[in-house]
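Reviewing the structure listed below.
The values are calculated or read from the model by the stated rules, or taken from the named source; none is laboratory data. Everything numeric here is computed off the predicted structure, so don't read it as measured data. Note: ideal-geometry Cβ built from the backbone for every residue, glycine included; neighbour counts use all protein chains shown. Accessible surface areas use protein heavy atoms only, side chains included; no ligands, DNA or RNA. Shrake-Rupley method; radii C 1.70, N 1.55, O 1.52, S 1.80 Å.
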Amino acid sequence: MSNSNHSPAVPAPSADRAEPEPEAPFLSVHTTVVLLTSVVIGIVVGCLTALAGTPVAAAVVAGMAAAGASIPVLRSLIR
C-alpha cells in the first residue's frame, strides 16, 4: 500500500455556471433606521404620557400616533 496523500479532485469552475446573485435585503438601511427611530419616539411619547397620569390605553394610543406621525417626517429628514 502506498502512503501518498491524495486530496479529492475539486472540479474547476466552468464558465457556464455563474454564481447566483446575492439576495436583496428585506429592508433597506434607510427604511430600518426610519422605522426604528419612529418606534423609539413612540415608546418615549407613550411612557411620558403614562407618567403624566393619563390612563395606560390613552398612553398607548398617544405613542402609536406619535410613531405613525414621525415616519413621514423622519423619511424626509434622514437621507
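All but one of (1) open to solvent by 90 Å² or more (accessible area, probe 1.4 Å); (2) closer than 16 Å to P72 by Cα hold for V39; which doesn't?
Result: V39 fails condition (1) only.
If you scan segment 13-36, which residues turn out to be without any contact (Cβ under 8 Å) to a residue 40 or more places away in the chain, outside any loop (DSSP other than H, G, I, E, B) and surrounded by 10 or more Cβ atoms within 10 Å (Cβ to Cβ)?
T31, T32, L35, L36 - these are the residues of segment 13-36 that are without any contact (Cβ under 8 Å) to a residue 40 or more places away in the chain, outside any loop (DSSP other than H, G, I, E, B) and surrounded by 10 or more Cβ atoms within 10 Å (Cβ to Cβ).
Could you list, ordered by first residue, the pairs with Cβ atoms under 6 Å in which the first is in segment 65-79 and closer than 8 Å to S38 by Cβ and the second is open to solvent by less than 40 Å² (accessible area, probe 1.4 Å) and β-branched (V, I, T), at least 6 apart or interchain?
L74/V34
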